[in-house]
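Visitor: Here you go, one structure.
Bear in mind these aren't lab numbers, they're just calculated from the coordinates by the rules spelled out. Source: prediction; values computed, not measured. Virtual Cβ from ideal backbone geometry, glycine too; neighbours counted across all protein chains shown.
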């Protein structure tokens, strides 16, 4: 039997006869922090990691993947496509030396699979008990500059204190993160935005002057102070908006972090002293695309976040259209489609994060009630968006005696909105409406 009562480790132990192999990394860290078992496992071999990985893949009927042949790192993906094992070679074929070259001590705990025992050369278990992140050697961090960011990923998972010397080292060397491939940075960002202590981590990265190296737009955002509508300066407003997102959606939280990216370039101050950011939503929707592209996000992810940034004001603007203006609401829902709930959630979080002296409790309550009603209306009518149109383009051209044009499309869109809002429900009513139009 094995220490963790893990059937996969038991299989590995069963198949392995003479290789010295050790489980290490996140699996051990998570176990000693909260007793959870990870689906990904890292194994270090004393002998040939390639031969062991090939043998293990064969025994488990799994897929063998070469990750880095030069550094002898391989992956074995199990048939369920969820569990996988990364297999590497110990430094100088020595497990103790391997422990002292790793990033942080909490990731330097080993489990000797063959002999069923824990090896903790770097005192990682003690550091977990003391809730601190440290390294055995600061030079280890620059062995792979991604570790400058990974530090904050582990902070976001654990909320442990960071050793002061380590923190200062990272602050003084953070510019070296620019040498890291954007795809690797992207992975760490998504891990952070999926974490339990996301808000604390963003604040810590801001405090350490690290945030703007990962997200360059932050440098300009930090210049915008509180104003009559915002009790916080802009960067803290963005982080508070992230904090107020209730849905467990990393990309939505990332959109919340970016939602006011357009404000620095649209910032004006009127003679009255009022701060204005006219068109910042439209500008931001474009600016965020380039930012995300540089960070290695996919086109689908970029389009989603850009859409939320572009329309984050839209739900609240419908208050001025009147609560009974179903056509305006239908237009909003048609434009945003499946993203309606996320845009409404972003608008809600934004409203709660902006409570300057000019904002009253009644204004906040009015907005929150409006957003709740809008979400209920969406749930009520969303299935009607697949309804059959009452008229087509040819019908409209025949009735109005006009040729194909942009106007025909506009009329069709207007008809669809009226149909969704139930202002017209039959073909006869649609025909009567078309006849009233003056072209």
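Visitor: Sort the range 221-385 into rounded, prolate or oblate with this rule: let a ≥ b ≥ c be the square roots of the eigenvalues of the Cα gyration tensor; rounded if a/c is under 1.5, and if a/c is not under 1.5, prolate when a/b is larger than b/c, oblate otherwise.
Guide: Values: a/c = 1.72, a/b = 1.14, b/c = 1.52.
It comes out oblate by the Cα gyration axes.
Visitor: Something else: What is the extension gain from residue 30 to residue 69, computed as 0.36 nm multiplied by their sequence separation minus the C-alpha to C-alpha distance, in nm to one decimal? Display every interim value, and only then the final one.
Guide: On the way: separation 39, 0.36 × 39 = 14.04 nm, distance 2.79 nm.
Stretched out fully, the residue 30 to residue 69 stretch lengthens by 11.2 nm.
Visitor: Could you tell me which of rounded, prolate or oblate describes the range 7-130, using a ≥ b ≥ c as the square roots of the eigenvalues of the alpha-carbon gyration tensor, with rounded for a/c under 1.5 and, failing that, prolate when a/b is larger than b/c and oblate otherwise?
Guide: Details: a/c = 1.71, a/b = 1.36, b/c = 1.25.
Cα axes put the range 7-130 in the prolate bin.
Visitor: Also, quick follow-up: Nearest 10 degrees, 0 to 90: what angle lies between the long axis of helix 182-192 and the longest principal axis of the chain (Cα atoms)?
Guide: Roughly 80 degrees, rounded to the nearest 10.
Visitor: Between the range 105-127 and the range 156-186, how many Å separate their Cα centres?
Guide: If you average the Cα positions of each part, the centres end up 24 Å apart.
Visitor: Counting only C-alpha contacts under 8 Å and six or more residues apart, can you give the relative contact order of the range 7-130 as a whole percent? The partial results should precede the final answer.
Guide: Values: 229 pairs, mean separation 32.2, N = 124.
About 26 percent, as a whole number.
Visitor: Sticking with this one: If a paramagnetic tag sat 7 Å from the Cα of residue 194 along the Cα-Cβ line, which residues of the range 7-35 would have the backbone N under 20 Å from that point?
Guide: 24-35
Visitor: If each DSSP helix of 4+ residues adds -39,500 (n - 2.57) and the sum is divided by the residues in the chain, what number results at 222 nm, nearest 500 deg cm²/dmol? Walk me through the intermediate numbers first.
Guide: Numbers: 23 runs with 223 residues, N = 439.
Taking each H run of at least 4 residues, the total per residue is -14500 deg cm²/dmol.
Visitor: Let me ask something else about it. Need one word for the range 138-214: rounded, prolate or oblate. Basis is the Cα gyration tensor (sqrt eigenvalues a ≥ b ≥ c); a/c below 1.5 gives rounded, then a/b vs b/c decides.
Guide: Working: a/c = 1.56, a/b = 1.12, b/c = 1.39.
The shape class here is oblate.
Visitor: Please report how far the C-alpha centroid of the range 294-362 lies from that of the range 6-54, rounded to the nearest whole angstrom.
Guide: Each part reduced to its Cα centre gives a spacing of 46 Å.
Visitor: Now a separate question. Cα axis of helix 198-207 to longest principal axis of the chain: angle in degrees, 0 to 90, nearest 10?
Guide: 80
Visitor: Modelling each spin label as a point 7 Å along the Cα-to-Cβ direction, I'd like the residue 112/residue 401 distance in nm, to one decimal.
Guide: Between residue 112 and residue 401, the simple spin-label model gives 9.7 nm.
Visitor: What is the extension gain from residue 373 to residue 231, computed as 0.36 nm multiplied by their sequence separation minus the C-alpha to C-alpha distance, in nm to one decimal? Mind dumping the intermediate values first?
Guide: Numbers: separation 142, 0.36 × 142 = 51.12 nm, distance 2.66 nm.
Fully extending the segment from residue 373 to residue 231 adds 48.5 nm.
Visitor: Right, something else. Which angle between 0 and 90 degrees, to the nearest 10, do you get for helix 326-336 versus the longest principal axis of the chain when only C-alpha atoms count?
Guide: That helix lies at roughly 40 degrees to the long axis.
Visitor: Hey, another quick one. Would you mind checking the range 154-177 for residues with the amide N under 17 Å from a putative spin-label position 7 Å along Cα→C-beta of residue 137?
Guide: Answer for this model: 166.
Visitor: Here's a follow-up. If you rank 316, 45, 7 by fewest surrounding Cβ atoms within 10 Å, what's the result?
Guide: Working: 316 18, 45 23, 7 9.
Ranking 316, 45, 7 by Cβ neighbours within 10 Å, fewest first, gives 7, 316, 45.
Visitor: Please give the length that would be gained between residue 14 and residue 394 if that part of the chain were fully extended, namely 0.36 nm times their separation in residues minus their C-alpha to C-alpha distance (nm, one decimal). Let's see the in-between values first.
Guide: Working: separation 380, 0.36 × 380 = 136.80 nm, distance 7.22 nm.
Length gained, residue 14 through residue 394: 129.6 nm.
Visitor: Remind me, relative contact order of the chain in percent, using alpha carbon pairs under 8 angstrom and six or more residues apart? Walk me through the intermediate numbers first.
Guide: Details: 621 pairs, mean separation 39.2, N = 439.
Normalised by residue count, the contact order of the chain is 9 percent.
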